[in-house]
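Asker: Dropping the structure in here first, questions after.
Bear in mind that the values in this text are calculations on the coordinates, not laboratory data. What you are looking at is a predicted structure, and each value in this text was computed from that prediction instead of being measured. Backbone-built Cβ (ideal geometry, glycine too); neighbour counts: all protein chains shown.
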Amino acid sequence: MLVDISLTFFRNFHEKNFKFEDGLNFIIGPNGSGKTNILEAIGYLSQAKSFRKVADKDVISLGEKFFRIEGNIFRDELRHEIEVIYEQELGLKKIYLNKKQMERSSRLFSFLPSLISTDRDQEIIDGPPSERRNMINRLISIASPSYMNLLIDYKKVIENKNFLLREKKVAELGPWNGKQEELTKQIVRERASFIEKINIPYKNISKEFLNGKTSVVTYIPSMDGDMHLYRFIDEEMEIGYSIYGPHRDYFEFMIDDRPAKIFGSEGEKRLSILAFFFTFLTVYKPDSIVVLDEPFGVIDKRGMNVVLSYLIKNQTFISAPFLDNDFRTSYNVITL
Amino acid sequence: MSWVPSSLKKLIENLKKLPGIGERSGFRIAYFLLKDRDTLENLIESLREVNERVKLCKICHGFSEDTDICPICTDERRNSGVLCIVERPEDVNIIESVQGLGWKYHVIGGVLSPVRGITLDKLNIFDIRDRIRKENIKEIVMALSPDVEGDATISYILQLLSDMEVSISRIAVGLPRGIDITLMDPFTLKESILGRRKLK
Ligand SMILES: Nc1ncnc2c1ncn2[C@@H]1O[C@H](COP(=O)(O)OP(=O)(O)O)[C@@H](O)[C@H]1O
Ligand SMILES: [Mg+2]
Ligand SMILES: [Zn+2]
C-alpha cells in the first residue's frame, strides 16, 4: 500500500505531504482545489507519467524548474521509497527505487501496479484501437507480470523490423519475423484467455451499472497464431513498416451487442469501463492500487454503494467534490 | 576557475571516456598519476604495449598477442569438437574459467540490432561454416545474450547452418531474463552451460 506522498513543485502543490490508509481514501475539495493533481501524482509513482497525457514539464508548478514526487510504499512487510524527479532544464526524468536509479520506467509499474479511472475513460472506447490495447495490456500486466516482458520484447522486435523494412533490407528480416511469430502466439494466447475469462462476469457486473444493459469486449487478433509473416513481406515492404501482429490487434466494447463507440451515451461509456475494471478486480484479485477521479459524477447514490462494494480489498483513492457524513466516519478523508 | 595545465585537462577529458569514470574520479586519477610518476611511467609503457601487441585473432576474433592466430586456436589438445559462440573477446575468458580448456571459441562481435546499426555484415558469422568443416566441429554452443537480439542472432545462425551436420545448443537462459554471462556468478554460469538446451 501507498503510505504517503510528498510533492515538491508539482502543479498547485509547492511543498505538501499527504498520508494515506489501507482501504478507501477520499480526496474532497471544490473544483480547482487540486484533487486530480494528487491522483495524477499517485499515478506517476506507478506509471512514471501523467495519466492526463501532458508532458512532464507541464506538471511543474508555474515558474519553477523541477518537480519531485516521493512516495513510501509498504510491501512484503518492508517499507520502500519511490522517487520521481523531473528537471526541465535537462529535460531529464529520473526514477529511484530505494535511492537506486531505475533503468526502465516500465519496471515501476510491476512494483506498484495501478488501475486508474478518470473522465478520460471515454477515450478508451471512442479513441483509436491503441487506447484499448494499452488499457488491456496494463490489466494483463497487472495480472501476469511476465506478460510485460513479452510486450517489451515484442516492441524491440517491431523496432528492428521497421528499421529493416524502411531500409528495404528484406534479406535480414527472417530472424525478426521468426521472433515476432513466436511472441505473437504467446501474446494472442494471453489476450484471448484474458478476454474469455472476463466476459461472463463482465456481463453480470455491467448490468448493475447500466440499468440492465450488458457489456462485453470483443477481441479480433490482427493475425492468427498459425499465420506466417513471410506471406506479408511484400505488403509490409511497400508500406515500409510492420502492419500485422499484436500491435494491430483490435478490441471493441459492446453494449447490448452494439458498438458502445457508436451507440453508447457518454455516461454509459464511463460506466462500462468502470464495470470492466471492477470485473478485473473481482476475477483476478490483483494486488494493485485503484485510483478513481470523480466517479460519482456519473453515478447516483445507489450506484455509489455498488462501487464501494467492489473496492473492499484494494487500496483506493477516490476524488469527489463533497461527501455524505456517513462516509466521512468510515474512511480516511483528505479535505483540500 | 583556477589555472589548470592544458595537458592535464586533456588527460582528464580522456579518462572520462572510460567506463565508470566521471568528472570526479577522472580528476582524482589524473592528480594521483602526477604525484606518483613511477606508476605513471608503468602505465604509459603498459598502454603502449597492449596497443602494439594485442590484436584480434584471424580465426576466432578473440584476443591474440603478437601473432595473427591466438594460442587457443593453435592448441592441438582442444579437440573436443565443441565450438562456443560468444559476443565479446572477454566472454571467452569468462566461459573458460568455469568450463576448462577443452573448447574452441568464436567471437561474433555483438548481437543483431539493426536499430543500433548492428546488421549481419557487422558480425563475424559467415566464417563459422568454414570452421565447422576444417576443424571437425561436432557441437556448437551458443553463449549469447538472453534477450530478443540474442534470440534473433541465434535464429539466423541456425538458418545459416541448417544444412550442416552439427548439433547446436544454447546455454540455459536463466531468470531473470536479460542477465548476460558477464553478470553471472561462476556457479550459475556452470549450471547454465551444463543445462544447455539443444536447438538442433
Ligand atoms: N503547472 C501548474 N502549476 C501551478 N498550478 C497548476 C498547474 N497545473 C494546474 N494547476 C492548478 O491546479 C488546479 C486544478 O487542479 P485539479 O487537480 O485539476 O482540480 P480538481 O480539484 O478540480 O480536480 C487549477 O487551479 C490550476 O490552476
Ligand atoms: Mg478534477
Ligand atoms: Zn583464435
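Asker: Can you give the extra length, in nm with one decimal, that the chain gains between residue B:3 and residue B:56 once fully stretched, where that is 0.36 nm per residue apart less the Cα-Cα distance?
Answerer: That pair, residue B:3 and residue B:56, stretches by 14.9 nm at full extension.
Asker: Just add up the charged neighbours of residue A:98: K/R +1, D/E -1, any other residue whose Cβ is under 10 Å from the Cβ of residue A:98.
Answerer: Net local charge, residue A:98 excluded: +1.
Asker: For the residue pair residue B:76 and residue A:222, what label-to-label distance in nm results when each label sits 7 Å from Cα along the Cα-to-beta-carbon direction?
Answerer: That separation, rounded to one decimal, is 6.0 nm.
Asker: To the nearest Å, what is the center-to-center distance of segment B:20-85 and segment A:53-114, using C-alpha atoms only?
Answerer: Using only Cα atoms to place each centre, the spacing works out to 41 Å.
Asker: Can you compute the helix-only [θ] at 222 nm over the protein assembly as shown? Use -39500 (n - 2.57) per DSSP H run of at least 4 residues, normalise by all residues, nearest 500 deg cm²/dmol.
Answerer: Helix-only estimate at 222 nm: -13000 deg cm²/dmol.
Asker: Output the relative contact order of segment A:35-150, whole-number percent, from Cα pairs under 8 angstrom with separation of 6+ residues.
Answerer: With pairs under 8 Å counted, the relative contact order is 19 percent.
Asker: Would you kindly compute the Cα radius of gyration of chain A and its largest Cα-Cα separation (Dmax), both in Å?
Answerer: Looking at chain A, its Cα Rg and Dmax stand at 21.3, 70 Å.
Asker: For a distance above 31 Å, tell me the whole-number percent of Cα pairs in chain B that qualify.
Answerer: Pairs farther apart than 31 Å: 33 percent.
Asker: Which aspartates and glutamates does residue A:207 reach when only Cα atoms under 14 Å apart count, and residues fewer than 8 places away in its own chain are ignored?
Answerer: Once the sequence-local aspartates and glutamates are set aside, what remains near residue A:207 is A:256, A:257, A:268.
Asker: Here's something else I'd like to know. For residue A:60, which sequence-distant residues (separation of 5 or more, or a different chain) have an amide H within less than 5 Å of its own amide H, given hydrogens modelled in the peptide plane?
Answerer: Those qualifying (amide H under 5 Å, at least 5 residues apart or on another chain) are A:11.
Asker: Let me have the relative contact order for chain A, percent, based on Cα pairs under 8 Å that are six or more residues apart.
Answerer: Result for chain A is 25 percent.
Asker: Considering Cα pairs under 8 angstrom that are at least six residues apart, work out the relative contact order of segment B:77-170 and quote it in whole percent.
Answerer: 32 percent
Asker: Cβ under 9 Å from residue A:124's Cβ, residue A:124 left aside: what net charge do those residues give with Lys, Arg +1 and Asp, Glu -1?
Answerer: -1
Asker: Listed here are the pairs A:53/A:161; A:161/B:122; B:58/B:104; A:168/B:122; A:155/A:197; which of them are more than 22 Å apart at the Cα?
Answerer: Result: A:53/A:161; A:155/A:197 exceed 22 Å.
Asker: Among the lysines, select those whose C-alpha is under 18 Å from the C-alpha of residue B:9, and discard any that sit fewer than 8 residues away in the same chain.
Answerer: Cα-Cα hits under 18 Å: B:17, B:35.
Asker: Working out 0.36 nm times the residue gap between residue B:190 and residue B:127, then minus their Cα-Cα distance, what length gain in nm do you get to one decimal?
Answerer: Computed gain between residue B:190 and residue B:127 is 19.9 nm.
Asker: Would you list which lysines come within 25 Å of residue A:19, measuring only between C-alpha atoms, while excluding same-chain residues fewer than 8 positions from it?
Answerer: Correct list for residue A:19: A:35, A:49, A:93, A:94, A:99, A:100, A:285, A:313.
Asker: Take residue A:96 and residue A:192, extend 7 Å from each Cα along the Cα→Cβ direction, and tell me the distance between the two endpoints in nm.
Answerer: With each label placed 7 Å out from Cα toward Cβ, I get 4.7 nm.
Asker: Which net charge results for the neighbourhood of residue B:72, defined as the other residues with beta-carbon distances under 9 angstrom from its beta-carbon, given Lys and Arg at +1 and Asp and Glu at -1?
Answerer: 0
Asker: Starting from the amide H of residue A:27, placed 1.01 Å from N in the peptide plane, find each other amide H under 5 Å away whose residue is 5 or more places distant or on another chain.
Answerer: Counting only residues 5 or more places away or on other chains, the set is A:318, A:319, A:320, A:334.
Asker: What does the convex hull of the Cα atoms come to per residue for segment A:278-336, in Å³?
Answerer: Taking the convex hull of the Cα positions in segment A:278-336, it is 93 Å³ per residue.
Asker: While we're here: What translational diffusion coefficient, to the nearest whole µm²/s, does segment B:77-170 have by Stokes-Einstein, given a Kirkwood radius computed over alpha-carbon pairs, a temperature of 20 °C and 1.002 mPa s viscosity?
Answerer: In µm²/s, the coefficient is 158.
Asker: If you don't mind, another one. What residue among A:276, A:18, A:67 has the largest mean-square fluctuation in a Gaussian network model of chain A, using Cα springs under 10 Å?
Answerer: Maximum among the listed residues: A:18.
Asker: Taking every pair of alpha-carbon atoms in segment A:190-336, give the share separated by more than 26 Å as a whole percent.
Answerer: Distances greater than 26 Å cover 41 percent of the Cα pairs.
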